[in-house]
1. Between rounded, prolate and oblate, where does the stretch 5-50 land on the alpha carbon gyration tensor, with a ≥ b ≥ c its root eigenvalues, rounded for a/c under 1.5, else prolate if a/b exceeds b/c?
2. Based on DSSP H runs of at least 4 residues, each adding -39500 (n - 2.57), what is the mean residue ellipticity at 222 nm of the chain after dividing by all its residues, to the nearest 500 deg cm²/dmol?
3. Please work out how much length the chain gains when fully extended from Gln73 to Ile102, using 0.36 nm per residue of separation minus the C-alpha to C-alpha distance, in nm with one decimal.
4. Report, for the stretch 78-182, the % of DSSP beta bridges that are antiparallel, rounded to 5.
5. Under the √(5λ) rule applied to the eigenvalues of the Cα gyration tensor, what semi-axes describe the equivalent ellipsoid of the stretch 124-181? Give them in Å, descending.
6. For Tyr180 and Leu143, compute 0.36 nm times the residue count separating them, minus their Cα-Cα distance, and round to one decimal in nm.
7. Could you state the principal axis extents of the C-alpha atoms in the chain, from the largest down, to the nearest angstrom?
8. Between Asn158 and Tyr4, what's the calculated FRET efficiency when r is the beta-carbon distance and R0 is 22 Å? Round to 0.05.
Amino acid sequence: MAIYLYHYYDQEIGPFKNLSALSDDEAKQILLDMRETKPYSQPAQRDVLYMMRRRQYEKIAYDKFVEIGGKPQRTYPQYMVVEYCKWMSEWYQNSAFIKIPIEKFNKDTISFTYGDMPLNFSPLEESDNKPYRGKVYNYEQILKVIEEYGLPQEWNPNGELGPERYIEVQVWSDDAIAEYLK
């Protein structure tokens, strides 16, 4: 089966514009601006503590990825998801996506969480005892998880069965996405 990774973004902003690349003040200002200029987009709904938590979860993901043999080339990831997710395609007022075959990526530089990283590492979500909570997977491992549980966007498209709506991919290298970073 051919696997594709998707990156969703606002056409007016462009792809792979990562808040983690900015200072806390710059990221906070962008989120505040989005509340004014793009109030119906999903990122505009994030609270003031979002970046603090996100940076904590990125550090956890980085450390866990290294523990399982990952070789990150960045200190924070770019974000993608495994396969098409209708819900994410509606996050932005001027939504667009990039679709890249997984073969373009060095597997040592991509990690996966079954569901969104913050929800995956959240103490509230860990209390549900789902076996994939709090974990970061490499490529071979996530294939086994998909085989066992399926793609969340297929069994939980509306979020009625829990917070899992997609499999997040943390891209720890710019190699496969370099052409989109210009």
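Each value in this text was obtained by applying a stated rule to the coordinates, not by laboratory testing. Every value quoted in this text rests on a predicted model; they were computed, and no experiment measured them. Note: ideal-geometry Cβ built from the backbone for every residue, glycine included; neighbour counts use all protein chains shown.
1. It comes out oblate by the Cα gyration axes.
2. The helix contribution divided over the chain gives -9000 deg cm²/dmol.
3. Length gained, Gln73 through Ile102: 8.7 nm.
4. Rounded to the nearest five, the antiparallel share is 90 percent.
5. Working through the eigenvalues yields semi-axes of 24, 14, 12 Å.
6. Values: separation 37, 0.36 × 37 = 13.32 nm, distance 2.63 nm.
Using 0.36 nm per residue and subtracting the Cα-Cα distance, I get 10.7 nm.
7. Ordered largest first, the chain gives principal extents of 42, 36, 29 Å.
8. Working: r = 22 Å, r/R0 = 1.02.
Computed FRET efficiency for Asn158 and Tyr4 comes out at 0.45.
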